[in-house]
Amino acid sequence: MNISILLMEQIIQLFLMILMGYLIVKVRLVKDEDSKVLSKIILYLIIPCVIINAFQVDYTMDTVKGLLLALAASVMIQVLLLIIISIAGKLLHLNEVEIASVYYSNSGNLIVPIVTFILGQDWVLYGCVFMSVQLIFLWTHCKKIISRESSYDWKKIVLNINMISIFIGVVLFFAKIHLPEIINNTLGSVGSMIGPTSMIVTGMLFAGMNLKQIFADKRVYFVSFLRLIAVPLLALVMIKISHLAMFSADGNKIMLIVFLAIITPSASTITQMCQVYGNDSRYASAINVMTTLFSIITMPLAIGGSSFLEIRDDPGDGVQHFSFCLRLGNALQRGSGGAGMAAATQQAADLRGVDTLAGAERKLPNTVSQLPHGHGAVHPLDLGA
């Protein structure tokens, strides 16, 4: 499946979730103010589960090198962007919600399903490195400007459940400790709620707004331009001139993951923070909805526009992965029952040298977003060339 089509499908799914939140308020099942409870659940329960679960991967030197590369790229880009956006905010007279909306991306809701499909579940960890770095900024810089605090309360920052979750996840990874399967599955199940609940909150808040006023507000369009056009261009230049990809065999893929995390719409977490800390949550929600709407166009363009930077993995692996996806899709289309799945399983096994009849059958996932990844997947973005 073309990455642009995949991005569009994921964004449309987010819009359907927003619509659900909008409708439950409009039919008076709940009030828009009730979304504040959901916001607290997202911030203090769901996100910590996502973080800890992401670090439950096997410890290898390649993984460590990849983590360090993802960390270096994430810190470099986010620090530089914060400086640039803070200066631009003063020059352009942006308020706290606008600065936060331009700077913070909605990577948590989009990067996980996209990376899972394109590269496989094992690569989600590197996207979570970007998310973890952003979370540190969210609970320091963003919390400070949204709550209009005059200084940082370091005790609250250090003892914040999200910070503790990052620490726990890192310790478990480097200590090579795997949580019991029942706990890990529970964390994964709760963490998977992050997309739907965040979008439902946005829809609930959107239902309490004057839609004509939102779409007539030129300021929202300007902030959307900065978030979806200016920031990705800046990030692309930073990644390209840094040559960080050369420090790892998987550097191109890791840089692709970082770039995908940056080009997403404004973070829905800003809306939730505005609710919890008493800022303009409706304006934050309006920006989130508008950037999500425009990202249907801008995210595929951001990938397509960088096609002159092609990733070149081993050609054979890339062709094999493409062939696997194509044949798997054809097999599934031929039969919706057991026969179709069996054919898909055998064809996938044939491509990977596995004899299902000999008892070495690989269990295929039941959703397209969980397709197995190929190490030679071809992507239209080589940020390390």
> Across the range 39-48, which residue is surrounded by the fewest Cβ atoms within 10 Å (Cβ to Cβ) among those that are of a type in the set (A, V, I, L, M) and more than 8 Å from GLN272 (Cβ to Cβ)?
Replying inline: LEU45
> What is the number of the single condition among (1) modelled with pLDDT under 85; (2) in contact with a Ser or Thr (Cβ under 9 Å, 6 or more places away or on another chain); (3) farther than 23 Å from ILE85 by Cβ that ILE254 does not meet?
Replying inline: (1)
>> Let me spell it out: the conditions are (1) touching a residue at least 24 places away in the same chain (Cβ under 8 Å); (2) assigned to a loop (DSSP other than H, G, I, E, B); (3) under 23 Å from SER266 (Cα atoms), and HIS178 meets all of them except one. Which number is the exception?
In response: (3)
> Exactly one of (1) closer than 25 Å to TYR126 by Cβ; (2) crowded, with 16+ Cβ neighbours inside 10 Å is unmet by SER35. Its number?
Replying inline: (1)
> Would you call PHE130 among the aromatic types (Phe, Trp, Tyr), at pLDDT 90 or above and farther than 29 Å from PHE15 by Cβ?
Replying inline: no
> Got at least one residue in the range 67-78 being over 20 Å from ILE239 (Cα atoms), touching a residue at least 12 places away in the same chain (Cβ under 8 Å) and in contact with a Gly (Cβ under 9 Å, 6 or more places away or on another chain)?
Replying inline: no
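Checking the structure you have, find out if any residue of the range 104-116 is closer than 14 Å to GLN134 by Cα and at pLDDT 90 or above.
yes
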>> Can you tell me which of (1) within 30 Å of THR60 (Cα to Cα); (2) free of Cβ contacts under 8 Å to residues at least 24 places away in the same chain is the one PHE225 doesn't meet?
In response: (1)
> Looking at (1) farther than 28 Å from LEU94 by Cβ; (2) assigned to a helix (DSSP H, G or I), can you tell me which one TRP139 breaks?
Replying inline: (1)
>> Taking the condition of being surrounded by 15 or more Cβ atoms within 10 Å (Cβ to Cβ) and touching a residue at least 12 places away in the same chain (Cβ under 8 Å), how many residues in the range 142-160 meet it?
In response: 7
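Conditions tested, residue by residue: (1) loosely packed, with under 15 Cβ neighbours inside 10 Å; (2) touching a Ser or Thr at 6+ places or on another chain (Cβ under 7 Å).
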residue	(1), (2)
ALA54	no, no
MET61	yes, no
LYS65	no, yes
VAL79	yes, no
LEU110	no, yes
VAL124	no, yes
>> Taking the conditions exactly as written (closer than 22 Å to LEU71 by Cα, touching a residue at least 40 places away in the same chain (Cβ under 8 Å) and buried (at least 21 other Cβ atoms within 10 Å of the Cβ)), does MET199 satisfy them or not?
In response: no
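Each row is one residue, and each column tells you yes or no for (1) closer than 18 Å to ILE11 by Cβ; (2) part of a helix (DSSP H, G or I).
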| residue | (1), (2) |
| --- | --- |
| THR264 | yes, no |
| GLN272 | no, yes |
| ASN279 | no, no |
| ALA284 | no, yes |
| MET290 | yes, yes |
| ILE296 | yes, yes |
| PRO300 | yes, yes |
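The values are calculated or read from the model by the stated rules, or taken from the named source; none is laboratory data. Only a predicted model underlies this, so the values are computations on that prediction, with no experimental measurement involved. So basically every Cβ, Gly included, is an ideal-geometry build from the backbone, and we count neighbours across all protein chains shown.
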